[in-house]
């Protein structure tokens, strides 16, 4: 099973990532911010605001990778961007925070470097020079987490060898140790909670430990969506949890964010759970997800983020999945030619839904 940032890493078109250059640039960066590439889409939050869906992540990564490997002055600008992105208002068109791609960037960097010892040495040099940098903390912990999944593989547990399990636990425990020992430096970014929840879940730590991390992170960074997605990822039945645990968590999350997000977290979290291949075809029959509540959540999303074609496509897909003809036909008309193929799995394809409800242009 792939974790969320591993899925993001697969989307990102990253070539290489020079971590030492990045760290050096952070120290040398002028206090006066100068954007060397005012035309690029990944700049401060006023740039690229219209990016939406998977395209946002792929373009973000394709632009970010080369800049990481250019001169220290330019690479240092990225740190200014990351600081700017650490804001609830810094999102893509679909409402996802830009920082949500950071761990995917680091994971992609791990996967393209064949010499794992060289990569670890680079990370340790970064941490030695900049011991209080959240980037160093996340880079090291994410290294061990990625290396753990590398040993385990992403298949079912029955396919993992005894040696694979041993290395998985050994490396994941190192990731946990890094995060625990460097919490003060790391949790200035919400990604620390996102990664810690993955590590705790992967290691099967007690529910109270994971819940403590989740509640702390969700209260501190209320609208940082990956915290909610990671928590839900490890408490559904596939990982030994229960649908009651998921639904209780969703209810708490909606209450935690309703002042700014309305009911949208209900739709977002079940949408995240429904991306698992195990639940893609039967979310509304096997889980506690209720379509009327999910529809209300999507309606709040579209009210707040009316420009998002990604959200609109997924709203229509779930309406079809739920058998809601009226809602599907209304949304399909709004979509017009703005079709995003990746929103429609083969079992709930747009063509199947159009035929099912006799859609006519």
statement: For region 111-177, the Debye formula with one identical point scatterer on each Cα and no solvent gives log10 I(q)/I(0) at q = 0.14, 0.24, 0.28 Å⁻¹ as -0.45, -1.02, -1.20
query: At residue 129 and residue 281, where each label point lies 7 Å from the Cα along Cα→Cβ, what is the point-to-point distance in nanometres?
result: 5.2
- prompt: When the chain is fully extended, how far beyond the present Cα-Cα distance does residue 359 get from residue 242, taking 0.36 nm per residue of separation?
  reply: 38.4 nm
task: Output the peptides 292-300, 236-244 sorted from most to least packed, where packing is the average of other Cβ atoms within 10 Å over each peptide's residues.
output: 292-300, 236-244
- prompt: Over what distance in Å are the Cα centres of region 154-213 and region 309-361 separated?
  reply: 37
field: Principal axis dimensions, region 257-325 - Cα atoms, whole angstrom, descending
entry: 31, 22, 20
query: Across all directions of projection, what mean area in square nanometres is found for the Cα convex hull of region 79-230?
result: 9.6
query: What length, rounded to one decimal in nm, is gained on full extension from residue 150 through to residue 325, with 0.36 nm per residue of separation minus their alpha-carbon distance?
result: 58.7 nm
message: Students often check this: by mean Cβ neighbours within 10 Å, which of 88-97, 157-166 ranks highest, and how do the rest follow?
response: 88-97, 157-166
query: Under 20 Å from the 7 Å Cα→Cβ point of residue 116, by amide nitrogen: which residues of region 176-194?
result: 176-179
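None of the figures in this text is laboratory data; all of them are computed from the coordinates on show. The structure displayed is predicted, hence computed values, not measured ones. We place every Cβ from the backbone using ideal geometry, glycine too, and count neighbours over all the protein chains shown.
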